[in-house]
1. Taking only the alpha-carbon atoms of the range B:227-291, what semi-axes of the equivalent ellipsoid follow from 5 times the gyration tensor eigenvalues under a square root, in whole Å, largest first?
2. Give me the net charge of B:Leu218's neighbourhood, meaning all other residues with Cβ under 13 Å from the Cβ of B:Leu218; Lys, Arg count +1, Asp, Glu -1.
3. Would you tell me the mean number of C-beta atoms belonging to other protein chains that fall within 10 Å of each C-beta in A:142-153, as a whole number?
4. Classify the range B:98-168 from the C-alpha gyration tensor, please: rounded if a/c falls under 1.5, else prolate or oblate depending on whether a/b exceeds b/c.
5. Taking the 0 to 90 degree range and rounding to the nearest ten, how far is the long axis of helix A:75-86 tilted relative to the main principal axis of chain A, both from C-alpha atoms?
6. Counting every Cα pair in chain A, what percent are over 32 Å apart?
7. Reachable aspartates and glutamates from A:Lys71, Cα under 19 Å, same-chain residues fewer than 8 places away excluded?
8. How do B:Trp233, B:Trp42, B:Trp195 rank when sorted from fewest to most other Cβ atoms within 10 Å of their own Cβ?
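Taken together, the values in this text are just the output of simple stated rules run on the coordinates, not laboratory data. Only a predicted model underlies this, so the values are computations on that prediction, with no experimental measurement involved. Positions of Cβ are generated from backbone atoms using ideal geometry, with glycine treated the same way; all protein chains shown enter the neighbour counts.
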Amino acid sequence: MSPELAASLIHFLGMMLLIASFWILTSSQIGACIRAYATHSFLLALITAVIAITNHVEHLLIPALLTLVLKTIVIPHVFFRIIRRLGIRKEVESYINIPFSLLLAVLLVFVSFYVTGNDKILKPVAFSEFIPLAVSTVFFGMLMMTTRKKAINQVLGLLLIENGLFLMAITMTFGMPLLVEMGIFFDVLVAVMIMGIFVFKIRDAFESIDADDMTVLKG
Amino acid sequence: MTIERVLLMPLIFAFLCLIPCPKRMTRLTFLTGAVLSAVGAWLFVFGISWSPRVFAFNGNLMMDSLSAVFVLLITSVGVLSAVYAGGYLFKEGDSSISPSRLRRYAFFFHLFLFTMLLTVLSNNLGVMWIAIEGTTLASAFLVNVDDKKSSIEAAWKYLILCSVGIALALFGIILVYYSAIAQAAAGENGLLLDWTFLLSKAKQLDPQVLRLAFIFILVGYGTKAGLAPFHSWLPDAHSQAPAPVSALLSGVLLSCATLGILRFHILTTVATGSAFSGTLLILFGVLSVAVATPFILEQKDYKRLLAYSSVEHMGLVAVGLGFGGVLGIYGALLHIVNHAFTKSLLFFSSGHLLYLFQTKEISKVKGIFRKNPFLGIVFFLGILAIAGMPPFSIFVSEFLILSAGFLAGKFVPCVILLALLALIFVGFLRHTNEMTFGVSEGPPVSERSFLMDGVLGLGLVVIFMMGFYIPGPFQRLLLEAGRVAGGVTV
């Protein structure tokens, strides 16, 4: 792959990634949200693979493959099973409406470009344009966790944060050592399973999966 | 014994506990597992206490005197809590828990011990992160044992808040790794996240990146350690978990996360050559004590009272570490140990209280002393100890921490802490006076569990003894650990 082609491919993928992040944040149906997350992870896997090939760091291909298998196929599949078995209403309920979250998201993108603009501290090993994208993905994840009512959306927010950190790790350092990277994948997978079980428990006890029904404990 | 075996023991017993068999057998496996893992760990720790560092698994696992202290702590409180659980959760009667649920409980209990041991024994900071996330995942099911609304809510908050916190810590680790990569020579790639390696190269790491990393680590692991203002999961999880689990969460889980912060604190201090991380620790420590104080004064639920007291004590530990110096660090480590034993004793007695009075409300618990004199004595003495009354051990370590502060010339935080500690003392006495000595309704209770009362008695002896006398080998280990925490490179 020639450097110019690689650079424009990376530009393109980066843009798509940002669009996918917006898609997760603005979709009004849980199903669409999960599909957007799968797309986001798919793009992440592609970016990882491109970085691995252009910079000749072959060990990065393993995390890329794992991202493809786990985050693009397995985890979304688990989510779809959960929502089918829960039989919940499909709309995403939020404390703030979608146009306003879109506005906040745009602001957050600006903020992430601003805070990472000082490249004296952080000089990434690979394409530096991904640093603000990674930071904004983390921000989006947090926004999602704080504004969404359903427990399942909070889990998606957490996964989005994790995606952002993964992108951060591969662009700044070509990924953590393989042992650590595998451990993180394992943890994420187990976390999704356990949170999935808890979503069912919440449904059984509260007869809904709205996290704002959980107000027993105070003080 | 080797490090691998110390770690394998609880893991093996976790799976053994899953074997479907009668309740008695599960209980036997569960207790044997806890005792054997503890004895194995103790033999290992005291067998090698002369060599400074022991490595295993390609240097990813490491035990120095600092982690040795935590291994002892985890296994000791683990045994106490397992024995207590043997009486508390495995009791027969109409409120008994189904065998399959108990097997799952026993499984996660041992798994929880395993992840905590892995946390303190990992040299690779990434592995440590994985282990800390593992502690959250393993203990979420322990917090929710009864599937009640409130327990599920507590477990959910615990899962979500700690996972987000830990995600931030991961960002800090990425930054540290990034700063190491810039300085790496060829062939060192596998070592770059090893704490020992980073410490030996600390002077060459970019101090600015490390400062940034420490902030993320402090927020991330601080969530897990219960430092204010990231502590909001803590009172919920501690109050809803069954007594033996609360004891483990409060006594050792918080301390394990503190060890995570401490490792980075050592690294940052050596790398930047400044008191940056120490100052932050003092700031968040004092804030934690300050935030906990009003909640302790106005608390209505005795388990939440104990939980907020954990926030306070973790704050004190952070302050001690921040003050630094031999005295401050030794005091903080001793405080971790003392708090672990005292607080687990109190949570165990809260299990008794819940059984006797069937409520967690302070105002509905009256006259423990009349109802069960033994419990009354243990509970009241435990409260005096946790509030910092001499001659109990907590007083000694609080005294050491504050003296370190005065010696370091940090008068403002010390004076604030003294005032807050006095308020907390008053708060504790106000709540527990009526609880212990009030007039009780109903006759005295004679029903006893030998196991559970034994744990309370033993705990009381330990916290009383630690106030006067720390056994020689343990004292040596603590001093050695203080030296490691002081950033002395071996």
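1. Each semi-axis is the square root of five times an eigenvalue, giving 28, 14, 7 Å.
2. Overall, the nearby charge balance is +3.
3. 1
4. oblate
5. Taking Cα atoms only, the helix is inclined about 10 degrees.
6. 19
7. Straight-distance partners of A:Lys71: A:Glu162, A:Glu181, A:Asp187, B:Glu133.
8. Fewest-to-most Cβ neighbours within 10 Å comes out as B:Trp42, B:Trp195, B:Trp233.
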